[in-house]
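The values are calculated or read from the model by the stated rules, or taken from the named source; none is laboratory data. In this text, all values refer to a predicted model and were calculated from it rather than measured experimentally. Using ideal geometry, Cβ is built from the backbone for each residue, glycine included, and neighbour counts are taken over all protein chains shown. Note: areas computed on protein heavy atoms with side chains; ligands, DNA, RNA excluded. Shrake-Rupley method; radii C 1.70, N 1.55, O 1.52, S 1.80 Å.
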Amino acid sequence: IKISDRWGYIDTSKNTVIDPQYISAGSFMDGLAPVRASGNTWGYIDRSGNVVVQEQFEEARAFSERRAAVMVDGQWGFIDTSGKMVIETDFTCEPLSVALNLCSFSEGVAWLQDGDRWCLVDTSGDTIFKRDYERVASFSEGLAEFRTQSGRGHINRSGKEVVKAQYA
């Protein structure tokens, strides 16, 4: 809920549960929400409004599979729900990718950009494989769509192109 220029939270009965006090606020996922109370840094609160992770990140996204993408010094990494950095800030994510939630976990994996290449990483940050795709989509039912100059196709989690790039 937004009142004047501050964000807060309501429950499904439209009762205020956290008073509007945040400059910016994201959605609750895995029991936490990214918030920016003052200045230009983000942290995380629980459903009672208690600060769980202090404001310290340039950017912060909602949790997904107990991992949240955060930006430190212009690079993206992932924290766990305690705020511990579990995947170091070695990756970039173009703004469109962040908006499309590609830098979030789905089915235990996430796509991250390493220079011009897309890396598929697991929740520990281990790289499963890298590909030179123009675009990728999150995994769903074991497959992810990708795009190359030849068209679109689908890849599985082991890196096999199940449907070769052919569709425009």
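Overview of values
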| quantity | calculated |
| --- | --- |
| Derived scalar couplings ³J(HN,Hα) [region 134-141; Karplus, 6.51 cos²θ - 1.76 cosθ + 1.60; whole Hz; x for Gly, Pro] | 6, 8, 9, 10, 4, 6, 8, 6 |
| Projected label distance in nm at E65 and V17, using a 7 Å step from Cα toward the beta-carbon | 2.6 |
| Solvent exposure of the chain as accessible area per residue, Å², 1.4 Å probe | 54 |
| Inverse mean reciprocal Cα-Cα distance (Kirkwood Rh) of the chain, Å | 16.9 |
| C-alpha center-to-center spacing [region 124-139, region 102-123] in angstrom | 5 |
| Long-range HN-HN contacts of Y133 with modeled amide H, under 5 Å | W118 |
| Region 1-57: C-alpha gyration tensor shape, a/c 1.5 cut-off, then a/b vs b/c | oblate |
| Under Karplus coefficients 6.51, -1.76 and 1.60, residue-wise ³J(HN,Hα) of region 56-66 in Hz, glycine/proline x | 7, 10, 5, 9, 8, 10, 5, 5, 8, 6, 6 |
| Residue-averaged [θ]222 nm for the chain, counting only DSSP H segments that reach four residues, each worth -39500 (n - 2.57) | -500 deg cm²/dmol |
| Residues of region 1-39 with amide N under 19 Å of a point placed 7 Å along Cα→Cβ from D46 | 9-11, 17-19, 26-36 |
| Nonlocal amide H pairs with A68, under 5 Å, H built at 1.01 Å | I79 |
| Other-chain or far-sequence residues with amide H under 5 Å of V52's (modelled H) | Y44, I45, D46 |
| Electrostatic dipole magnitude of region 30-168 [Cβ: Lys, Arg +1; Asp, Glu -1; Cα centre; debye, to 20] | 380 |
| Carbon plus sulfur fraction of accessible area for the chain, probe 1.4 Å, in percent | 44 |
